[in-house]
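Reading through the structure tokens given below for one structure.
The values are calculated or read from the model by the stated rules, or taken from the named source; none is laboratory data. If you're wondering where the values come from, they're calculated on a predicted model, not measured in any experiment. When we count neighbours, we look across all protein chains shown, and the Cβ atoms used for this are built from the backbone with ideal geometry, even at glycine. Keep in mind that these areas ignore ligands, DNA and RNA; they rest on the heavy atoms of the full protein, side chains included. Shrake-Rupley method; radii C 1.70, N 1.55, O 1.52, S 1.80 Å.
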Amino acid sequence: MPYAEAAPQRRLPLPEFIAMLAFLFATIAFSIDAMLPALPDIAADLTPDNVNRAQLILTSFVAGMGLGTLFAGPISDAFGRKRTITVGFGIYIAATIAALYADSLEFLLIARFVQGLGAAGPRIVGLALVRDLYEGREMARITSFVMMIFIMIPAVAPTLGAGIIAISSWHGVFLAFIAFAVVGALWLNIRQVETLPRDKRRPLRLTTLYSSAREVLSDRQVMLATLILTLGFGQMFGLLSSAQQLFGETYGKGENFHLWFAAMALLSGSGTILNATFVIRFGMRRIAKWAYVMQTIVSGVILAALLSDLLPQALRFPAFFFWATSVFFMAGVTFGNLNALALQRMGHIAGMAASIIAAISTLAAVLIAAPVGLLYNGTAIPAITATLLCSGLAWYLMRNLDD
């Protein structure tokens with residue numbers, strides 16, 4: 001359905017539509033990446049005896065988001081996209097206020113979990129909103145442009161977080177989260193029309209939910225794309241959970257961590273540009289497959305060099321930086337394509353399909369990422385090994401995925 005036909009009463013310019021969606025999706029990236037510079041201070045304040053536990057601040061948010069995705073999509077199918085996203089932002093803001101007053105790691109983890117529940121609204125329903133208006137390669141192209149802007153948030157979030165901490169404390173980062181959510185909610189409600197008409201909505205009944213969920217779960221192509229997406233999220237979250245320690249402790253770049261992270265995210269943003277440029281011509285499956293081929297080869301070479309001690313000391317950080325950038329590049333090339341492939345035949349139940357796909361891929365990714373972070377041993381070997389295994393398996397599975 002063309003965008004102009006879906007909303008004839010107000011034609012939101014396509015560049016603004018893409019920017020708004022990127023801002024909604026960026027709630028997730030900002031909520032994760034802006035916390036990275038705060039982890040040492042939070043560990044010192046709340047868990048000084050076991051600083052590695054501070055990483056759970058990241059995975060607890062992702063776990064809450066994974067659970068929230070089970071509900072956000074079906075609710076939006078019943079009550080509309082805008083209302084569901086707005087309620088999600090409300091839950092997110094309430095949990096953020098609670099996190100401001102956290103005096104123990106356990107309380108902060110609970111607040112972060114609820115934050116994730118709320119953030120599931122913008123993330124999942126935003127994807128359903130795109131599917132309301134586009135499909136197939138065109139959806140992949142639009143999603144790539146969204147990801148191109150979205151990737152800028154990881155580029156600047158650690159720098160913003162570090163600046164906020166410098167003038168206040170780690171608590172100040174949560175005030176920025178509130179401001180971010182308020183802007184997103186206002187932008188959506190003031191500028192964007194509802195994309196799911198009342199006559200297209202599906203009642204929130206058990207029989208309807210069951211039939212929709214069964215349709216999604218029984219579709220082999222949807223489940224295969226979801227599994228591949230899980231492997232992509234798992235390796236990326238695994239890197240994120242150890243990023244601050246790897247840059248700071250392993251390679252001695254702690255003081256400039258946010259700048260290195262920004263450079264990594266900006267360089268990897270070229271992946272989304274390339275995908276948006278070539279996806280119409282080459283197709284979603286082919287581009288995603290070769291991205292995983294590249295990631296498997298790069299990870300294998302870097303891991304072999306580290307294990308064999310062939311890399312001179314002066315080249316170890318450049319090699320790690322190149323590898324970490326390739327992980328983000330892979331995400332920019334594959335995530336939009338895989339989501340479009342998974343939702344290709346699910347336009348009539350886009351909310352439910354987006355929820356199930358995201359819930360499975362996010363929660364399963366946490367099961368991959370959390371052990372990778374906790375296995376940190378002062379080297380990049382656990383993170384690189386996990387990426388090699390995930391990308392290799394994704395490459396193998398791509399053979400059976402239709403375009």
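If Ser355 satisfies all but one of (1) on the phi < 0 side of the Ramachandran plot; (2) not in a helix (DSSP H, G or I), what's the number of the condition it fails?
(2)
Does any residue in the range 336-359 that is closer than 12 Å to Arg137 by Cβ come within less than 8 Å, Cβ to Cβ, of a residue that is at pLDDT 85 or above and not in a helix (DSSP H, G or I) six or more places away or on a different chain, and which pairs are these?
Leu341/Leu401
Please specify each residue of the range 373-383 satisfying the condition of being of a type in the set (A, V, I, L, M) and either over 20 Å from Arg316 (Cα atoms) or free of Cβ contacts under 8 Å to residues at least 60 places away in the same chain (or both).
Leu374, Leu375 - these are the residues of the range 373-383 that are of a type in the set (A, V, I, L, M) and either over 20 Å from Arg316 (Cα atoms) or free of Cβ contacts under 8 Å to residues at least 60 places away in the same chain (or both).
Can you pull out the residues in the range 86-133 that are more than 21 Å from the chain's Cα centre (by Cα), modelled with pLDDT under 90 and among the charged types (D, E, K, R)?
Result: Asp103, single match.
Inside the range 264-283, can you point out the residues that are on the phi < 0 side of the Ramachandran plot and not hydrophobic (A, V, I, L, M, F, W, C)?
Matches in the range 264-283: Ser268, Gly269, Ser270, Gly271, Thr272, Asn275, Thr277, Arg281.
Condition check ((1) among the polar types (S, T, N, Q); (2) in a helix (DSSP H, G or I); (3) within 23 Å of Trp260 (Cα to Cα)) across all residues:
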{"residue": "Val327", "(1), (2), (3)": "no, yes, yes"}
{"residue": "Val333", "(1), (2), (3)": "no, yes, yes"}
{"residue": "Asn337", "(1), (2), (3)": "yes, yes, no"}
{"residue": "His348", "(1), (2), (3)": "no, yes, no"}
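Residues that are in contact with a Leu (Cβ under 6 Å, 6 or more places away or on another chain), under 25 Å from Ala95 (Cβ atoms) and open to solvent by less than 70 Å² (accessible area, probe 1.4 Å), at least 2 per element: which helices (runs of 4 or more DSSP H) completely within the range 117-227 meet that?
Because the criterion is at least 2 residues that are in contact with a Leu (Cβ under 6 Å, 6 or more places away or on another chain), under 25 Å from Ala95 (Cβ atoms) and open to solvent by less than 70 Å² (accessible area, probe 1.4 Å), the helices (runs of 4 or more DSSP H) in the range 117-227 that meet it are 172-191.
Under 6 Å between Cβ atoms, at least 6 apart or on separate chains: pull out the pairs that start in the range 235-247 with a residue that is more than 13 Å from Leu374 (Cα to Cα) and open to solvent by less than 20 Å² (accessible area, probe 1.4 Å) and end on any residue that is at pLDDT below 90 and part of a helix (DSSP H, G or I).
Phe247/Phe257; Phe247/Trp260
Taking the stated definitions as given, is Phe30 aromatic (Phe, Trp, Tyr), without any contact (Cβ under 8 Å) to a residue 40 or more places away in the chain and part of a helix (DSSP H, G or I)?
no
For the range 48-81, what are the residues that are among the hydroxyl-bearing types (Ser, Thr, Tyr) and open to solvent by 10 Å² or more (accessible area, probe 1.4 Å)?
Scanning the range 48-81 gives Thr59, Ser60.
Among the residues of the range 382-403 satisfying the criterion of being more than 10 Å from Tyr292 (Cα to Cα) and aliphatic (A, V, I, L, M), which is most open to solvent (accessible area, probe 1.4 Å)?
Leu389
Could you please find all residues in the range 36-74 being among the aliphatic types (A, V, I, L, M) and over 21 Å from the mean Cα position of the chain (by Cα)?
Answer for the range 36-74, where residues must be among the aliphatic types (A, V, I, L, M) and over 21 Å from the mean Cα position of the chain (by Cα): Ile42, Ala43, Ala44, Leu46, Val51.
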